[in-house]
Amino acid sequence: MTGTTEMVRADNVHKSFGSLEVLKGIDLVVRSGEVCCVLGPSGSGKSTFLRCVNHLEKINAGRIFVDGDLMGYRERGGKLHELGEKDVAKQRRSIGMVFQRFNLFPHMTVLQNVMEAPCRVKKEAKADVRDRAVAMLERVGLGEKTGSYPGQLSGGQQQRVAIARALAMRPKLMLFDEPTSALDPELVGEVLDVMKDLARDGMTMVVVTHEIGFAREVGDNLIFMDGGVVVEQGAPREVIANPQHERTRAFLSKVL
Amino acid sequence: MSDQTTTERARPEPIKAVPVRHPGRWVTIAVLAVLAAMFVHLLATNDNFRWSFIFSSYEEGKRGVMFTGPVLEGLRGTLLLTVTSMAIGISLGVVLAVMRLSPNRILSSVAFVYTWFFRAVPRLILAILFGNLNILWSRVGFGLPFDKQIGDLFGIDNFNGQFYSIRAADLLAGFVAGMLALGLSEAAYMAEIVRAGLQSVDEGQTEAAVALGMSRFQVLRRIVLPQAMRVIVPPTGNETIAMVKDTSLVAYVPVAGELWFQLNAVSARTFVVFPVLVAAVIWYLIICTVLMIGQFFLERHYGKGYGAAARARQRLRDIEVEQGGRVIDTGEGR
């Protein structure tokens, strides 16, 4: 299932907020078709790293490549040039992102939420987008809810709409930032099911999560972060069953 | 489970209690009723209102002062002035608000200085000042800035870099001066209102839109502004209503095509003061009532999808509390 091309490559990524260094040299490779789960305690920098991948946060040092493209910059003659807003937007089009708090557009119906970006950003024909959007919503089990407003849906339903909204742009990479952390416990399953379905279809995914079960079952690779560095990584079953590092052991003993 | 309890125990009798009395309210209502009766009596019986002067005919062969030709023309001017100055105010206000929120220091300070100036100067003085601006220039137009100085620099006499210009006295007098004074002053207030509205929209909205590849302008136009509208519309309605009333200030620019100027002219000619004032009150009441009704429907339109969203947010907060605040700590702590 996993290909050989590198979908995401992070080389020695550093990120500071003021004097606080949040990422202290992250190296990471996610091959296309792979599901990479990122675990770690709060404040370990995992969400920040995810936001750096699609350049929502500017990194201070290092490089991030998505599908071979350097994110946010152009390198010419050994010098880095910041990309303009348009070029960054173009890079982001092929990267879907799902947020912890859903961030659906509350003033638009579910269908409008899903159609907005393909229509406005890619300027695709409305009829095509509508068909595809309805198909996406059916895929996440919300074909009935196209006319509802986000506020009328449960958290689990909202998050599934958010996934459909990201998928409507036909991304080659999906980033999930703690997609189930804001959900009632009984709603977590429906969102994870959609994500499992996506993984089976061969979508490349980077998932920041606290769901150890999901990581074990679906993940091809598990990254454990703490204090802004990757402490341990490897096949999820092995890392979870037999963590090599003390910090990993301590974290897993608390969550399992 | 609840079925069980109901079968086991008989339902008690519904509560039938004597409600709490509110004697204070009834006294207040009685006082207000008497005052209202006195007011109606005053309107109906006091001849100094001269209702026929207001409604039917103020002079031989003329209609009531509210409905004579010049006054109706003035009414049209007042409405036009309200619409145009609010249009200037709102569009410039949005620009200023966006500038104010810009990460660029120069842009945000320019917006700040603008707001500072126009909020500090009284509108009446501003209106008269704009009416007298033609003292500064003989002609105003579009063209090369500093054309005279550039001409001098290269030794060309009377170098003219203007593409188009007209006499300042023609442009900066009357209606245009009044419109500019009111519109530019309104922009300062609208900038503050729009800024508050933009800031009220959750940052996650911008992030989600940007992550989808939308441009900054698209995010503003499609995502942020429509949501900010819910916060912007109510005070803008109030501003519009205030603007209707403030148009009366431009009578002193002077602008002749304006309601208060025309009513004033009638009273100057006929030496009848009070009924003319009452006519003005009635016209402004009518316009503002219509606007208030419009505002109600606008607010309902922009509140779309929100009653439920507020409930959802409340639920989300409840979940956060249940989870020991973990969500707040990772989501908003950034």
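The values are calculated or read from the model by the stated rules, or taken from the named source; none is laboratory data. Just so we're clear, the structure is a prediction, and the values are computed from it rather than from any experiment. With ideal geometry, Cβ positions are generated from the backbone for all residues, glycine too; neighbour counts draw on all protein chains shown. Accessible surface areas use protein heavy atoms only, side chains included; no ligands, DNA or RNA. Shrake-Rupley method; radii C 1.70, N 1.55, O 1.52, S 1.80 Å.
Ligands, DNA and RNA left out, the 1.4 Å accessible surface of the stretch A:190-232 is 37% carbon and sulfur atoms. Over all other residues within a Cβ to Cβ distance under 15 Å of A:MET195, the charged ones net out to -4, with Lys and Arg as +1 and Asp and Glu as -1. Once Rg and the Kirkwood radius are both taken over the C-alpha atoms of the protein assembly as shown, their ratio Rg/Rh works out to 1.11.
Each other residue within a Cβ distance under 11 Å of A:ILE59 adds +1 if Lys or Arg and -1 if Asp or Glu, for a net charge of +2. Rounded to the nearest 5, the antiparallel percentage of DSSP beta bridges internal to the protein assembly as shown is 65%.
Sorting A:CYS119, A:CYS52 on solvent-accessible area from highest to lowest, probe radius 1.4 Å, gives A:CYS119, A:CYS52.
Computed over chain B with a Gaussian network model linking Cα atoms closer than 10 Å, the most mobile of B:ARG300, B:ARG63, B:ARG11 is B:ARG11. Summed over the residues of chain A and divided among them, the accessible surface reaches 41 Å² per residue at a probe radius of 1.4 Å. Converting the Cα gyration tensor eigenvalues of the stretch B:186-256 into ellipsoid dimensions via √(5λ) gives semi-axes, longest first, of 35, 12, 8 Å. Kirkwood analysis of the Cα pair distances in the stretch A:96-186 returns a hydrodynamic radius of 13.0 Å.
Volume per residue of the convex hull around the Cα atoms, evaluated for the stretch B:1-117, comes out as 408 Å³. Could you state how much accessible area A:ARG237 has, in square angstrom rounded to the nearest 10, with a 1.4 Å probe and all protein chains kept in place? Counting only protein heavy atoms, A:ARG237 exposes about 150 Å² to solvent.
The charge dipole of chain B, taken about its Cα centre with unit charges on the Cβ of Lys, Arg, Asp and Glu (plus for the first two, minus for the last two), comes to roughly 520 debye. Across the options B:VAL121, B:ALA173, B:GLY151, the greatest Cα extent toward the positive end of the charge dipole of chain B (unit charges at beta carbon of Lys, Arg, Asp, Glu) belongs to B:VAL121.
Three principal axis extents describe the C-alpha atoms of the stretch B:65-105; from largest down they are 55, 10, 9 Å. Reported to the nearest whole Å, the Cα centre-to-centre distance from the stretch A:24-41 to the stretch A:101-134 is 29. Note on the stretch B:1-99: with charges restricted to the Cβ of Lys and Arg (+1) and Asp and Glu (-1), its dipole about the Cα centre is near 240 debye. The Cα atoms of chain A cover 51, 50, 37 Å along the three principal axes, with the biggest extent listed first. Taking every alpha-carbon pair in the stretch A:61-125 and binning the separations at 10 Å intervals from zero gives 16, 39, 28, 14, 2 percent. Counted over the stretch A:1-91 with a bin width of 5 Å, the fraction of Cα pairs per bin, in whole percents, is 3, 13, 23, 24, 20, 12, 5, 1, 0. Using C-alpha pairs under 8 Å with a sequence gap of at least 6, the mean separation divided by the residue count of the stretch B:17-155 gives a relative contact order of 6 percent. Calculated [222 nm] ellipticity per residue, helices only, for chain A: -11000 deg cm²/dmol; basis is -39500 (n - 2.57) per DSSP H run with n ≥ 4, divided by all residues, nearest 500.
Counting only DSSP beta bridges whose two residues both lie in chain A, roughly 60 percent are antiparallel.
Taking one quarter of the surface of the convex hull spanned by the alpha-carbon atoms of the stretch A:19-163 gives a direction-averaged projected area of 11.2 nm². In this simple spin-label model, placing a label point 7 Å from the Cα along the Cα-to-Cβ direction at both A:SER16 and B:ALA120 gives a separation of 3.9 nm. For the stretch B:244-268 versus the stretch B:273-289, the inter-centroid distance based on Cα atoms is 13 Å.
In this Cβ point-charge picture (+1 for Lys and Arg, -1 for Asp and Glu), the protein assembly as shown has a dipole of about 700 debye about its Cα centre.
Taking the charge dipole of the protein assembly as shown about its Cα centre, with +1 at Lys and Arg Cβ atoms and -1 at Asp and Glu Cβ atoms, the residue from B:HIS301, B:LEU80, B:ALA111 reaching farthest to the positive side is B:LEU80. Rolling a 1.4 Å probe across the protein heavy atoms gives the stretch B:145-231 an accessible surface of 51 Å² per residue. Taking a span of 15 Å or more along the helix axis (Cα atoms) and a mean Kyte-Doolittle hydropathy of at least -0.5 as the rule, the DSSP H helices of chain B that qualify are B:23-45, B:69-100, B:105-120, B:174-200, B:225-246, B:259-270, B:274-302.
Think of chain A as a dipole: +1 on every Lys or Arg Cβ, -1 on every Asp or Glu Cβ, centred on the Cα centre; then among A:GLY84, A:LEU187, A:MET225, A:GLY84 lies furthest on the positive end. Across all directions, the shadow cast by the convex hull of chain B built on its C-alpha atoms averages 32.8 square nanometres. The longest stretch of chain B left intact once loop-based chymotrypsin sites (Phe, Trp or Tyr not before Pro) with at most 10 other Cβ atoms within 10 Å are removed from consideration, loops following DSSP, is B:1-145.
Taken as entire DSSP H runs, the helices of chain A that both span 15 Å or more between Cα atoms along their own long axis and average -1.0 or more on the Kyte-Doolittle scale are A:110-120, A:126-139, A:155-167, A:185-200. Interface between chains B and A: roughly 3300 Å² of accessible area buried, both sides summed (probe 1.4 Å, protein heavy atoms only).
Diffusion of the stretch B:126-227 by Stokes-Einstein, at 25 °C in a medium of 0.890 mPa s and with Rh set to the Kirkwood radius over alpha-carbon pairs, works out to 139 µm²/s. Considering all different alpha carbon pairs of the stretch B:218-312, the Kirkwood hydrodynamic radius works out to 16.1 Å. What the Cβ-Cβ distance of B:LEU285 and A:THR5 gives, at R0 = 56 Å and to the nearest 0.05, is a FRET efficiency of 0.20. Per-residue ellipticity at 222 nm computed for chain B from its helices equals -22000 deg cm²/dmol, with DSSP H segments shorter than 4 residues left out and the rest contributing -39,500 (n - 2.57).
For chain A, the relative contact order comes to 26 percent (Cα pairs under 8 Å, sequence separation of at least 6). Would you please classify the overall shape of the stretch A:161-256 from the alpha carbon gyration tensor, given that a ≥ b ≥ c denote the square roots of the eigenvalues, rounded means a/c under 1.5, and beyond that prolate means a/b larger than b/c while oblate covers the rest? Prolate, since a/c reaches 1.5 and a/b exceeds b/c. In this structure B:HIS22 has an accessible area near 80 Å², from a 1.4 Å probe over the protein heavy atoms. Normalised by the number of residues in chain B, the mean separation of alpha-carbon contacts (under 8 Å, six or more apart) gives a relative contact order of 22 percent.
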